[in-house]
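Chemist: Here it is, the structure in full.
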2 protein chains.
Amino acid sequence: MIVLKFIYIIRKVYDVGDILEKISRNGRIAAITKYLIENPNKVIGLNTFSELLNAAKSTISEDIVIVRELLEKMYMGRVETISGAAGGIRYIAEIGETAKKDFANRLCEMLKDPNRVVPGNFIYMTDVMYNPEIISKAGLILSSFFNKDEIDYVVTVETKGIPLAYEVARNLGVQLVIARRDSKVTEGPTVTINYVSGSSGRLQQMSLSKRSLKTGSKCIFIDDFLKGGGTAKGITDLLKEFDSNLIGIGVLVDNVGTNKKLINNYVAIAELKGVEETGEVIMNPSLLFQ
Amino acid sequence: MIVLKFIYIIRKVYDVGDILEKISRNGRIAAITKYLIENPNKVIGLNTFSELLNAAKSTISEDIVIVRELLEKMYMGRVETISGAAGGIRYIAEIGETAKKDFANRLCEMLKDPNRVVPGNFIYMTDVMYNPEIISKAGLILSSFFNKDEIDYVVTVETKGIPLAYEVARNLGVQLVIARRDSKVTEGPTVTINYVSGSSGRLQQMSLSKRSLKTGSKCIFIDDFLKGGGTAKGITDLLKEFDSNLIGIGVLVDNVGTNKKLINNYVAIAELKGVEETGEVIMNPSLLFQ
């Protein structure tokens, strides 16, 4: 079982069985753009569009050239051509370098607000992690680092990083997997591991349903905040139980104030140096975005 | 504080400061379509597009008419015009009736697989809840019930319903709020309530950071599965502590096999009648989608 591939008959999905008249080039371009953006990283055959829009494949090819050129010109993503029998086109969600830097700067400005410091010198980031406008952009930036890796799953651990990990999974066109802090009756048999938090040294647990991933998978781990790296290390161990590998890590904020990291290969959008006794938050875009 | 509105200077975001030449109508239509779809339920002034695309407002108006007509013709959503000084256009994510029914049917087919039944007669739904291809469509369907309500927040409780609630929040252009089972140090002061699970009668807890929502807010609750309705009732009580109201509930699957419901006003995509001793799952699209 696992996932019965959920493929739609596209005419049905778009409810267009009764459209008989021809659609203009402008109309086709709007439809193709929408369809591509809603199906990132999926190979879509030209006949899908040909059927949906009641137009010849050669016409659709011309339309696609126009969409591709505009997206590239405006740094709005790429349209790749995949040749061969199972070929077609694939939309890669992307964002320009200036836009990435601009986002990282605005994010830091927002998170540096001294009103965010809560008792224990933690920074309140929950509203940011659950804000679709911010997280959709952060997800776009993080997924751009992994869209050549042909990964099978995006993995996270509950709770705060879930929307971000979901956005990355959506952009990469793969399944999201969420490790739980405790196992639930609705998950069936689970695999549970113990791991040591890199920063506090405390022993913690995480679980995954045995059904949640296929053995031999390539995964990336996405989270809100990286401190000592203990959780990322725990994910690596958990994935080993599924004969699967962690091949990349992406986080929104890296706490660079923590000297001893258990991991050393990851991407972060912002770097937290620390919180001063005055309440001042020292944070800046990570080197990639300066 | 709460959320410093995260508004971008659009030319910066799209990294197009150096585009000087005119973009063709086809190109503008692709760009406008992409921008609208990525910013659902937000009012966007015509001058935003005018600046982004280096074109007169009258030209942009004509482009928008073309995009609007295509989207409506293909049941791909609506473009509303908001007049007045703060006016502009707003994209409402929508999906046709046939597509909704088709989705509900396919969802039921998938969930009825007897291999999904795990010990305790629960149905394993985790893979479905974390599949972006499925959840983006389910989110589109659920949000279409609430896009006239001008809500302030989409609320859920960790963990399985988070991606679905996130999709609904994104479509409605509002903040997501996630109640936790236990309070965390990074959340600052929290409000915690006890509630009784409608089906098991067990006492449970949920918490929300005091910072997570403004008083006097209109909220909807989105979750994966509705059984006795105890959680939805708990959310109502929790929101009362913020002088806020729950005005709607949407779930993927309603367990109609549970007779005594603590709530009675909600929308569900599918209805679970029960799991037979033979392992057969009795499930069908809810009345709205038949």
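The values are calculated or read from the model by the stated rules, or taken from the named source; none is laboratory data. This one's a predicted model, so the numbers in the text were calculated from it and none came from an experiment. Ideal geometry is used to build each Cβ from the backbone, glycine not excepted, and the neighbour counts take in all protein chains shown. Side chains included, ligands, DNA and RNA excluded: accessible areas come from the protein's heavy atoms. Shrake-Rupley method; radii C 1.70, N 1.55, O 1.52, S 1.80 Å.
Listed here are the residues, each with its yes/no results for (1) more than 24 Å from A:VAL157 (Cα to Cα); (2) open to solvent by 10 Å² or more (accessible area, probe 1.4 Å); (3) in contact with a Leu (Cβ under 8 Å, 6 or more places away or on another chain).
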position	(1), (2), (3)
B:GLU72	yes, yes, no
B:ALA85	yes, yes, no
B:ARG90	yes, yes, no
B:GLY96	yes, no, no
B:ASN105	yes, yes, no
B:VAL118	no, no, no
B:ILE141	yes, no, no
B:VAL157	no, no, no
B:LYS160	no, yes, no
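Chemist: So which residues in the stretch B:160-194 are assigned to a helix (DSSP H, G or I) and at pLDDT 95 or above? Spell out how you get there, then give the answer.
Modeler: First, the residues of the stretch B:160-194 that are assigned to a helix (DSSP H, G or I): B:162-172, B:185-187.
B:ILE162, B:PRO163, B:LEU164, B:ALA165, B:TYR166, B:GLU167, B:VAL168, B:ALA169, B:ARG170, B:ASN171, B:LEU172, listed by residue number.
Chemist: Restricting the search to the stretch A:257-271, which residues are in a strand (DSSP E or B) and touching a residue at least 60 places away in the same chain (Cβ under 8 Å)?
Modeler: Result: A:VAL267, A:ILE269, A:ALA270.
Chemist: Report yes if A:LEU272 is at pLDDT 95 or above, under 30 Å from A:ARG106 (Cα atoms) and surrounded by 19 or more Cβ atoms within 10 Å (Cβ to Cβ), otherwise no.
Modeler: Working: at pLDDT 95 or above: yes; under 30 Å from A:ARG106 (Cα atoms): yes; surrounded by 19 or more Cβ atoms within 10 Å (Cβ to Cβ): yes.
So A:LEU272 passes the test.
Chemist: What's the number of the only condition in (1) within 11 Å of chain A (Cβ to nearest Cβ); (2) within 23 Å of A:ASP127 (Cβ to Cβ); (3) in contact with a Ser or Thr (Cβ under 8 Å, 6 or more places away or on another chain); (4) hydrophobic (A, V, I, L, M, F, W, C) that B:MET206 fails to meet?
Modeler: Every listed condition holds for B:MET206 apart from (1).
Chemist: Find the residue count for the stretch A:164-213, including only residues that are loosely packed, with under 15 Cβ neighbours inside 10 Å and of a type in the set (Gly, Ala, Ser).
Modeler: Of the residues in the stretch A:164-213, 2 are loosely packed, with under 15 Cβ neighbours inside 10 Å and of a type in the set (Gly, Ala, Ser).
Chemist: On to the next question. Being in contact with a Leu (Cβ under 7 Å, 6 or more places away or on another chain) and within 9 Å of chain A (Cβ to nearest Cβ) narrows it down to one residue among B:TYR153, B:TYR130; which is it? Don't jump to the end; show me each part of the working.
Modeler: On the way: B:TYR153 fails: within 9 Å of chain A (Cβ to nearest Cβ).
After ruling out the rest, the residue left standing is B:TYR130.
Chemist: Moving on. Here is a check on your reading of the model: is B:PHE146 surrounded by fewer than 20 Cβ atoms within 10 Å (Cβ to Cβ) and part of a loop (DSSP other than H, G, I, E, B)?
Modeler: Working: surrounded by fewer than 20 Cβ atoms within 10 Å (Cβ to Cβ): no; part of a loop (DSSP other than H, G, I, E, B): yes.
It is false that B:PHE146 is surrounded by fewer than 20 Cβ atoms within 10 Å (Cβ to Cβ) and part of a loop (DSSP other than H, G, I, E, B).
Chemist: A:GLY274 fails exactly one of the following numbered conditions: (1) in contact (Cβ under 8 Å) with a residue 40 or more places away in the chain; (2) over 22 Å from the mean Cα position of the chain (by Cα). What is the number of that condition?
Modeler: All conditions are met except number (1).
Chemist: I need the full set of residues from the stretch B:82-97 which are β-branched (Val, Ile, Thr) and at pLDDT below 95, in order please. First the steps, then the outcome.
Modeler: Taking the stretch B:82-97 first, the residues β-branched (Val, Ile, Thr) are B:82, B:89, B:92, B:95.
The answer is B:ILE82, B:ILE95.
Chemist: Also, quick follow-up: Within the stretch B:223-261, can you find the residues that are open to solvent by 40 Å² or more (accessible area, probe 1.4 Å), within 25 Å of B:CYS108 (Cβ to Cβ) and either hydrophobic (A, V, I, L, M, F, W, C) or not assigned by TED's automatic domain parsing to the domain that holds B:ILE135 (or both)?
Modeler: B:PHE225, B:VAL256
Chemist: Next up: Answer yes or no: is there a residue in the stretch A:81-101 that is touching a Pro at 6+ places or on another chain (Cβ under 6 Å), assigned by TED's automatic domain parsing to the domain that holds A:GLY161 and over 19 Å from B:THR33 (Cβ atoms).
Modeler: No, there is no match, as no residue in the stretch A:81-101 is touching a Pro at 6+ places or on another chain (Cβ under 6 Å), assigned by TED's automatic domain parsing to the domain that holds A:GLY161 and over 19 Å from B:THR33 (Cβ atoms).
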